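The values are calculated or read from the model by the stated rules, or taken from the named source; none is laboratory data. The shown structure was predicted, so the numbers you read here are calculated from the model rather than taken from an experiment. A quick note on method: Cβ atoms are made from the backbone with ideal geometry, for glycine too, and the neighbour counts reach across all protein chains shown. Accessible surface areas use protein heavy atoms only, side chains included; no ligands, DNA or RNA. Shrake-Rupley method; radii C 1.70, N 1.55, O 1.52, S 1.80 Å.
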Amino acid sequence: MTDAAAFVPGHVTGFFSAHPDDDPTKAGSRGAGVTLDTGVTVRLEPGDSLELNGEVVDIEAVDRVLNALRATASVVIETELPLGAGFGVSGAAALGTALAANEVFSRGLSENELVTIAHGAEVQAGTGLGDVVAQARGGFPIRLEPGAPAYGELDGIPARQQIEYVTFGELSTEEVLGGDTEALTVAGKQSLSALVAEPTLETFMQSSRRFAREADLLTPQLREAIQDVADAGGEASMAMLGETVFALDSGLSEAGYDAERCDVCLSGAHLL
């Protein structure tokens, strides 16, 4: 087999509502977020193993993608993004694997078909509901309807921006998504309505902060950092789902935090 590699942007969700379905390609989330040019590189090589930043790991969504494409290969994943902190790394790994495996094994599938496979794999693995479709699009994606491309509907905020982030720790996506998501979904629907009425970055950030409060997701450390950025005149919110604060421009730096900075990824996932 020949080698192939793909790049998938990181994705920070600002708010969402959960929409389960027995069909994993119809299940998903509505909401909005931002894709980052700091992302995930996935490379396929001869063999049968899975590595993330040099460590042997198990990522169920990746295994499901390989099975769906009837592919056996070594998957080598590299990323500078923090793990388990709200950056969609598992979704990126699944989508990157789908893109690379389609190339290596000449499966002849379209982008939407590959996104559908990766989205369904992540939903079944319980590690995400909307990252994959957002990462395929790039920019500031708005997920108007849940599900893979055949069912979901996407829009976006027409903006270009630098983003800063600080991560304080991990939150379990599976734990939150596997629990009672009723209050979270009500808050997510309200936030989406506000953003659709006024699709600007300011509304996105305000809606994200309100969602984090009303869904009762903020830890004391997150609450303090978001307030510090506001006091410094900036805009910040929580990355869903991780103990991570993200801000527009240099909001975190100006508030005194040692933040990582990156650009919005306008291109979405692609082969290298």
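Below are the figures for this structure:
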item	result
Nitroxide proxy distance, nm - points 7 Å out along Cα→Cβ at Leu271 and Arg210	4.4
Computed label-point distance, nm, for sites Val186 and Asp22 using a 7 Å Cα→Cβ extension	2.8
Heavy-atom accessible area per residue - the chain, 1.4 Å, Å²	42
FRET efficiency, Ser250 to Leu144 (Cβ-Cβ, R0 30 Å, nearest 0.05)	0.45
Sequence of Val40, Val186 when ordered by accessible area, the most exposed leading, probe 1.4 angstrom	Val186, Val40
Sequence of Leu95, Leu109 from largest to smallest accessible area, 1.4 Å probe	Leu109, Leu95
Carbon + sulfur, % of accessible area of region 1-105 - ligands and nucleic acids excluded, 1.4 Å	42
Ser49-Glu80 FRET efficiency (beta carbon distance; Förster radius 22 Å; 0.05 resolution)	0.50
Shape parameters for the chain, alpha-carbon atoms, Rg then Dmax in Å	17.5, 55
Potential lengthening between Ser110 and Glu224 on full extension [0.36 nm per residue; Cα-Cα distance subtracted]	36.6 nm
Inter-label distance for Glu60 and Ala159, nm, one decimal - labels placed 7 Å from Cα along Cα-to-Cβ	3.5
Cα gyration tensor shape for region 16-87, rounded if a/c is under 1.5, else prolate or oblate	oblate
Efficiency of FRET from Cβ geometry, Phe168 and Val196, R₀ 25 Å, rounded to 0.05	0.20
Sequence of Arg70, Arg223, Arg43 from largest to smallest accessible area, 1.4 Å probe	Arg70, Arg223, Arg43
Local net charge near Val34, Cβ-Cβ under 15 Å (Lys/Arg +1, Asp/Glu -1)	-4
Accessible surface of Ile77 - all protein chains present, 1.4 Å probe, nearest 10 Å²	0
